[in-house]
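Step one of this worksheet: look at the structure below.
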Amino acid sequence: MTVTEANEVAEHPDDLAVLEEPEETPGFARRVWRGASERARRLTQAAFRPREPLGTTSAAIVWALTVFGLLAVWALLYAFVLSGIQEHRTQSVLYAQLRQELAQATAPFGGSIEPGSPLFVMDAPTGGVHGLVVVEGTTSSQLTAGAGHLPTTPMPGQAGVSVLLGRSVTFGAPFRNVAAMHPGDIITVTTGQGEFSYRVDDVRHVGDKLPTPLAGGQSRLVLITSVGSGWRAGWAPQQTVYVDASLQKGAVQPAPAGRATALVPGSQPMKGDSSGLVVLVLWLSALLLLVLGIMWARGRWGSWQVWLSAVPLVLACLWGATQAAVWLLPNLV
Amino acid sequence: MRRRGVVAGVLVLGVALLAGPSSAGAVGPSDTPAFSKTETISRAHLVAGVSTPVDTRTVTATVSQTTKLRDRQAITVQWSGAHPTGGLVADVNSSAASQEEYPVVVMQCRGVDDSSAPTAKQVSPQTCWTQTPLERFQADYGFTFPPYRVDLWARPADRTAQAGQPDPFPSACEGQAGSATHWVPFVAADGHAYYGGGRSGCAGIAPEASLSSPALQPSNTTYGVSDLSGNGSAKFVVQTADTNASLGCSDTVACSLVIIPIMGISCDTDAAKLPVEDQPGDAAADAFALCSKTGFYKPGDTAGGSVDVEDLAVAGQLWWSESNWRNRITVPLSFSQSASVCSVFNSAVPAYVYGSETMAQATEQWGPHFCLNSTLFKFQHVQTGEPQAKNLLESGSIEAAFQAGAPQTPFTRRVVEAPVAVTGFVVAVEVDDVHGHPAATVKLNPRLLAKLLSESYPSNSSMKAAYAALGRNPSNIAEDPEFQALNPGLPTSILNGEQAASILTLSSDSDVIWALTSYLNADPEARAWLNGTPDPWGMVVNPRYERIVLPVTNWPLLDTFIPKDWYATGTNPCLTGKQGVPWLPLVSSPVSNLATITLDMQFDIANPLISCSNAQLPNQKLVAMGRQAPGNRFIFGITSLPDAERYQLSTAALQTQVSSGAGTKFTDSTGRTFVAPSYDSLKAAVAMLKPDKTLNTWLLPYASMRTSSTGAGAYPGTLLLSMDVAVEGLPKADAARYATLLRFAVGSGQTPGLGNGQLPPGYLPLTTTNGGAALTAFSLRAANAVANQTGALPLVTGGTLAPPVPATTGGAGTGGNGGVGTPPPTTTPGPPTTTPPPTTGPVVAGATQPLGSTTGVGSGAGGLVLPLVLLLALVGLLAGPLTGLVLRVRSGR
């Protein structure tokens, strides 16, 4: 650039971007460059001679970092806020379904139960559980509904130890406060076989004594969730915690045969659901296609129009991708 | 079309229907006949008080099996020394066959041939079964002394003008009253006498009888044909009370097989000792001329469609006349207990095993062994498709299932697949050669099977003209040069050959179809042809089946071509104007179970639903083509080997290996190995079974069977039958029953035989010499695992998969719990050391259990993901702009 040319440019700073923009500059780099140049212009008020734009590589780094940051913010937003909204919605749908099944006496309580179907309603006022619908299955994806029943165990109200797993951080965190219950607190469960009240015996942390073995024909409920300690408390749990409760009110019901005897992988406490990986890849592919589409559309369409139509799609893809990603996390988180 | 078929069949029937030893019978007890008897019989007229011999013969009859017979079972009757037969008709079971001259009549009769037995339990013409009333009634409307009235040996009462006439005379039979009649009522097991009364059946017929013949399920009464040397044989289908209650044979009601070599009536026209009204008198000369006739036809001549021209004196119709009846050879028959015996004698709740039809013959013999033994229990085999049974087992709806092949995906439940029997599927063939005899052997290769299955034969010339894609293909398999090359001596074109354009197979899901299609899929020739490469003669696959993915459990009907122009011609009124009915699926017309296929093959019923019944009437509909005329049959069907053995179906030899000439035209079977189902070929296949770790059972290696030396002799249709039972979660009592059943199945249940608790023909006994030691040893381990119900799963590769560790109240749960084969096997059963005892189930009161302490499950790296994401957010959002600023400042320098 000659001095003359530079002066001309300086006299028309607004043309700077247009003049200096290389044809092949990718869109994002172009925007960075323009934004930076305007800031610089405000800062320096033409006291400096115009500067070289940022190199393509540098701009890419800046943008990549920013985008990753934004994605991470989205992930946190989803994990702590949006997933709760999703769980709330799921719960109300399941509640409506279960309410009808209970009324028609078709709520399942034995045999082979479709994973993910609502089983019963649970209330534990002191544990912060109110009208929670518990579903069959405890994989990370099934627990997005809130809490799940371990399929190899009997149903509450039937003889034996019934095990429920629930999340403590994400997806509405239905079991966030169950570890705060005290012996003597009441857990009420309404299944297709009736209403049962359980009295909390103990809250067991790692190292505590196991409860006494259950005598034949008795019923016990075990809630499992996760807790964190120290700086991880409340948002990054690292250990399981158990709440044991014995049947206090309600007669033990017979258990129809044909219950599952094996678990699908990822049903045990703190296991992730690796099936989310496939889903995640698909959502990310969709996201990639969408980004390419936006770039293509911006060349032919106005910015506003593009963003107006793209933002909902981007959000939907992000939502799906984050949800699948959360499936990979431990199911009690 | 039927008439021409019959005529063609009759024309080629020439000598007899005797050749063609069926290839069935190879997988059963030895071929030594169970019964053999020789009798000298003669025909001698009484002329002026002097016995004048006409003919004397020494007849020997043998019967393949006489004891432990079961319903609808086929047995072979053979004879020699009989008078050669004339006036042959194609269907020796039809009532028309009774007009043959000098037949050997074989019939099933209730009672024993023992003069010391009570009269009611003795065999007599009145207790012998015929399908139509025509076969037990004679009337003459002009002449008063037909041959049966001048029968030398007949009782006086049988020589009266209206012998055996019902009293009172049924008014419906007025038209039947002739100058001389003879009635042979059929006395049913309940004592009721059905007088029949000629073609119309005016005096009543048994419920199982029919007026016309051939009925859909033909009569077993056989008018057997002797060849010019007097030899003959017949396949006789015995009936028990289950099929024929009027005849009523069972394990408690004795019955006999009566073989009557017809010699002709010994005439006595003087009738010196009879009342005068029964003496021919002036008519004696005419009566003797009629009675002493020796045959209208020459021996070996066919009736050629003519009727009522035979010489009655030597015809099969007079089988009941004493001159013939006294020459009978009576074979006592005894029957197995009916399959329904268990529901009659034992009302206890049975142990149900669902699944494979190929197991049915075995369980029919095993069932009574269990239910009749008070120390055992009742078990019931509910026959369903194997995939369905496996799904029910997987879902926990049932407790045990018989499978004929491994599940497509491993069981996720802890289920052991314990071998209980080895058998095979067979291609049953009812094919007659150019002489009208059943073809001795039929050879099929996978490509021919693929052609039959894939609707690639256009089936007739109209379709061939209409369907361009198949326009160059042979109309049916008989016209296919590949089939002709492998099977010389069979007709190369057949009239109305739709039945030869398809193979009768299953419409439902079945392991049999999986095995069959696995065999096809492993064959390069068949696979290449299915992929679209024409065969060396230019025949192509139906485009709808091109590149079909095999194996499958259900063979799909994919063709959709509708020959509208041909339908419009009105050839088939049922299809005229039908725009939505493709033709080839009608030709295929699969059925839902193997038993139906077996029945169709036993009675030569072609199943293509293309005959228009009640044509042009409002109730017109498409029905099966129906029975094929003997001598002109050409049908194929898939069924099981035990069925083929019981009903004596002929089976095809299947190609195992190709040593030369693959991919080129061939004119004979040189270079190709074909194997029929037999003990030896099943044994060779068992030797090739490979244990499969993932599915935890043995599989037949179809690929290596095509190349290895053992494979050349191994029957490719071999099926390993296993009983699938869960090894955890069953009630103890049920588990004990299934364990007992398993131990029996591989123990005394493998004793070959026809009695209760024995292994029927068609199954290879799993003995050490037959290579079944590994299979039975595994089943015994499986029986223990089933009895224990600990969840420990025996593995076919050796060792045991430790019981699964359910997530427990203790919270630990690191043990594998997935499907079979995913967790590493350990050789010692027992809970993994890191976990406390499972306490998910109710613990027996009073049981002591060491109290442990709660072990937690750490969240591991997964629990740190959220903090990491937060870190990433901070880094990204701070570092991005910061870097930008830094770069800006640097570049602004």
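No lab work stands behind these numbers, since they all come straight from the coordinates. On a predicted model such as this, the values are computed, not experimentally measured, just so you know. When we count neighbours, we look across all protein chains shown, and the Cβ atoms used for this are built from the backbone with ideal geometry, even at glycine.
Taking the Cα centre as origin and putting +1 on Lys and Arg beta-carbons and -1 on Asp and Glu beta-carbons, what dipole magnitude results for the range A:189-285, to the nearest 20 debye?
Working: 8 positive and 6 negative charges, 12 e Å.
Charge dipole, the range A:189-285, about its Cα centre: 60 debye, nearest 20.
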Separation of alpha-carbon centers, the range A:210-226 and the range B:600-629, rounded to whole Å: 67 Å
Average Cα contact separation per residue, chain B, under 8 Å, 6 or more apart, as relative contact order %: 14 percent
Under 5 Å, built H, 5+ apart or other chain: amide partners of B:V47: B:T52
Euclidean distance of C-alpha centroids, the range A:142-168 and the range A:274-313, integer Å: 38 Å
For the range B:612-618, 3J(HN,Hα) per residue [Karplus equation, 6.51 cos²θ - 1.76 cosθ + 1.60, θ = phi - 60°, Hz, x = Gly/Pro]: 9, 8, 6, 3, 6, 9, x
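Roughly how many debye, to the nearest 20, is the charge dipole of the protein assembly as shown about its Cα centre, given +1 on each Lys and Arg Cβ, -1 on each Asp and Glu Cβ, and no other charges? Don't skip to the end; give the middle numbers.
Working: 75 positive and 86 negative charges, 826 e Å.
Magnitude of the dipole: close to 3960 debye.
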Cysteines having no other Cys beta carbon under 4.7 Å from their own, within the protein assembly as shown: A:C317
Positive-end residue of B:T441, A:G266, B:P125, charge dipole of the protein assembly as shown with Cβ unit charges: A:G266
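With a 10 Å Cβ neighbour count serving as the proxy for reagent exposure, in which order, fewest first, do B:R888, B:R110, A:R89, B:R527 appear? Before the final figure, lay out the partial values.
Numbers: B:R888 20, B:R110 28, A:R89 11, B:R527 17.
Going from sparsest to densest Cβ surroundings: A:R89, B:R527, B:R888, B:R110.
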Protection proxy ranking of B:382-392, A:224-234 - average other beta-carbon atoms within 10 Å, highest first: B:382-392, A:224-234
Average partner coverage of A:147-160, which counts Cβ from other chains inside 10 Å: 2
Ranking of B:F402, B:F169, B:F35, B:F634 by count of other Cβ atoms within 10 Å, fewest first: B:F169, B:F35, B:F634, B:F402
Ordering of B:483-490, B:444-451 by packing [mean C-beta count within 10 Å, highest first]: B:444-451, B:483-490
For A:Q238, residues with placed amide H under 5 Å, excluding near neighbours: A:V227, A:G228, A:S229
Residues B:W366, B:W514, A:W63, sorted so that the one with the fewest Cβ neighbours within 10 Å comes first: A:W63, B:W514, B:W366
Cα centroid separation, the range B:553-578 to the range B:71-96 (Å): 39 Å
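What is the magnitude of the charge dipole of chain B about its Cα centre, with +1 placed on the Cβ of each Lys and Arg, -1 on the Cβ of each Asp and Glu, and no other charges, expressed in debye to the nearest 20? Kindly include the intermediate steps, with their values, before the conclusion.
Values: 53 positive and 63 negative charges, 728 e Å.
In total the dipole reaches around 3500 debye.
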Positive dipole terminus of the range B:189-319, leading residue within B:G316, B:A241, B:F296 (C-beta point charges): B:A241
Net charge of neighbours whose Cβ lies under 13 Å from the Cβ of B:A501, counting Lys and Arg as +1 and Asp and Glu as -1: -3
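Would you please classify the overall shape of the range A:87-192 from the alpha carbon gyration tensor, given that a ≥ b ≥ c denote the square roots of the eigenvalues, rounded means a/c under 1.5, and beyond that prolate means a/b larger than b/c while oblate covers the rest? Mind dumping the intermediate values first?
Numbers: a/c = 1.42, a/b = 1.23, b/c = 1.16.
Since a/c stays below 1.5, the shape of the range A:87-192 is classed as rounded.
Helix by helix, which DSSP H runs in chain B go 27 Å or more along their axis at the Cα atoms and have an average Kyte-Doolittle hydropathy of 1.0 or more? Don't jump to the answer; show the numbers that get you there.
Numbers: long enough: B:865-891 (37 Å, 1.91).
Helices meeting the criterion: B:865-891.
Under 8 Å for C-alpha pairs, at least 6 residues apart: give me the relative contact order for the range B:179-328, rounded to a whole percent. Walk me through the numbers on the way to the answer.
Working: 151 pairs, mean separation 27.7, N = 150.
Relative contact order, the range B:179-328: 18 percent.
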Among B:M463, B:V786, B:I259 the positive-end extreme of the charge dipole of chain B (Cβ point charges): B:V786
Per-residue ³J(HN,Hα) for the range A:62-77, Karplus 6.51 cos²θ - 1.76 cosθ + 1.60, θ = phi - 60°, Hz, x for Gly and Pro: 4, 5, 4, 4, 4, 5, 4, x, 5, 4, 5, 4, 4, 4, 5, 4
Residue-averaged 222 nm ellipticity for chain B, from DSSP H runs of 4+ at -39500 (n - 2.57), nearest 500: -6000 deg cm²/dmol
Cα-based reach from B:K298 at 20 Å (exclusive), listing aspartates and glutamates while leaving out same-chain residues under 8 positions away: B:D55, B:D91, B:E100, B:E101, B:D227, B:D308, B:E310, B:D311
